[in-house]
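Heads up: the structure comes next, in structure tokens.
The values are calculated or read from the model by the stated rules, or taken from the named source; none is laboratory data. Every value quoted in this text rests on a predicted model; they were computed, and no experiment measured them. In this analysis, Cβ positions are derived from the backbone assuming ideal geometry, glycine residues included, and neighbour counts consider all displayed protein chains.
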Amino acid sequence: MWYNTFMESATFKAYAKINLSLDVTGTRGGYHTIDSVVASVDLFDLIQITPRADGDFGVTMRGEGSEAIAEGDNNALKAARAFSHAFGCGGADISIQKHIPMGAGLGGSSADVAGVLNALALSCGVDDRRALKDIADSLGSDCGYMLSGGYARITGRGERVCPLASDMRLCLLLLLPPGGVSTAKCYALSDVYPEKRRTSNAVRAAICAGQLGELCASLSNGLYPAAAVIEPDIRVAAAELEDLGALAVNMTGSGSCVYGIFPNDAALSAAAKAYRGRMRAITAHTIPGIKV
């Protein structure tokens, strides 16, 4: 089915994610494969869609240093053009106010791809979720997951998504070392500094059973050793979170963000107030999947 005009303007929240586990399982087609349990968190970029008559697209990004992203590297713009090609919709001005830190392993770029696709689908009346996921998968390994978010297990290059039913709400303190980590460099270095512990099965079971203690005992990230070589402050952040009383500490994605899980909001608030380190600190919570 082809859609020729936008129905209306639209606003959409594109949420960040954390990896609760990230097992590096091998390589395929020159890329590393993974087995990871992920969760959406209530940190989001705000995407606004305004239809325009000339059929073209423009993307304006503000916040978190996104102003420096070149047009040719802007995945949100690539997503808009791919959507238009697939569904025949007209153009739009797209404004993205970023709140998800860049280069931190929180999935900001993937969130923007998914958010633009969801916002355009809402604006244009498109409900073909399979086609939207195909577009998302073509633009990034975890973009397809970000279309709906929530708790999920992702495998392959991240394109295989198995949603997990859970109402577990995790209280998180995120610490962001000042230096970023190149995802490509981190994966390459993970062959030199591997993490042999694989915990996705245990993390999935704990999430589905709502067992916080088992979850905290099972967190892991196969990219941690390599990322900590690239950015030593990752280990500093982990130690600071432990000193603040986190139940468990883990890195998300290829870093550099490190998060700690706290037992409740009171403990999280106390930890955030007590933190005196030099890194940026953000409080967050896991959230259910996105309803579209």
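Looking only at region 228-266, which residues are without any contact (Cβ under 8 Å) to a residue 60 or more places away in the chain and either in a helix (DSSP H, G or I) or of a type in the set (Ser, Thr, Tyr) (or both)?
First, the residues of region 228-266 that are without any contact (Cβ under 8 Å) to a residue 60 or more places away in the chain: 228-236, 238-239, 242-243, 245, 247-249, 266.
Selection gives Ala228, Val229, Ile230, Asp233, Ile234, Arg235, Val236, Ala238, Ala239, Glu242, Asp243, Ala266.
Surrounded by 22 or more Cβ atoms within 10 Å (Cβ to Cβ) and within 30 Å of Asn118 (Cβ to Cβ), is that true of Ser200? Walk me through it before giving the result.
Details: surrounded by 22 or more Cβ atoms within 10 Å (Cβ to Cβ): yes; within 30 Å of Asn118 (Cβ to Cβ): yes.
In short, yes.
Looking at (1) of a type in the set (Val, Ile, Thr); (2) out of contact with any Phe, Trp or Tyr (no Cβ under 7 Å at 6 or more places or on another chain); (3) within 27 Å of His32 (Cα to Cα), find the lone condition where Val229 falls short.
(2)
What number of residues in region 85-101 are of a type in the set (Gly, Ala, Ser), surrounded by fewer than 22 Cβ atoms within 10 Å (Cβ to Cβ) and either modelled with pLDDT of 90 or more or part of a helix (DSSP H, G or I) (or both)? Give the steps one after another, and end with the answer.
Filtering region 85-101 for residues of a type in the set (Gly, Ala, Ser) gives 86, 88, 90-92, 95.
In the following step, the residues that additionally are surrounded by fewer than 22 Cβ atoms within 10 Å (Cβ to Cβ) were identified as 86, 88, 90-91, 95.
Filter once more, keeping what is either modelled with pLDDT of 90 or more or part of a helix (DSSP H, G or I) (or both): 86, 95.
Residues in region 85-101 being of a type in the set (Gly, Ala, Ser), surrounded by fewer than 22 Cβ atoms within 10 Å (Cβ to Cβ) and either modelled with pLDDT of 90 or more or part of a helix (DSSP H, G or I) (or both): 2 in total.
Pairs, please: C-beta under 7 Å, at least 6 apart or cross-chain, first residue buried (at least 24 other Cβ atoms within 10 Å of the Cβ) and in region 133-144, second not in a helix (DSSP H, G or I)?
Ala136/Leu147; Asp142/Gly107; Asp142/Ile154; Asp142/Gly158; Gly144/Glu159; Gly144/Val161
Of the residues in region 102-119, how many are buried (at least 20 other Cβ atoms within 10 Å of the Cβ), in contact (Cβ under 8 Å) with a residue 40 or more places away in the chain, over 12 Å from Phe57 (Cα atoms) and not small (Gly, Ala, Ser)?
Residues meeting the conditions: 3.
Tell me the helices (runs of 4 or more DSSP H) entirely within region 125-217 that contain at least 3 residues that are not assigned by TED's automatic domain parsing to the domain that holds Tyr275.
Details: elements: 129-139, 143-146, 183-190, 200-209.
Here the list reads 129-139, 143-146.
Working carefully through the options Ala121, Ala111, find the one that is assigned to a helix (DSSP H, G or I), modelled with pLDDT of 95 or more, hydrophobic (A, V, I, L, M, F, W, C) and touching a helix residue (DSSP H, G or I) at 6+ places or on another chain (Cβ under 7 Å). It would help to see each step written out before you state the result.
Values: Ala121 fails: modelled with pLDDT of 95 or more.
Testing whether each residue is assigned to a helix (DSSP H, G or I), modelled with pLDDT of 95 or more, hydrophobic (A, V, I, L, M, F, W, C) and touching a helix residue (DSSP H, G or I) at 6+ places or on another chain (Cβ under 7 Å) leaves just Ala111.
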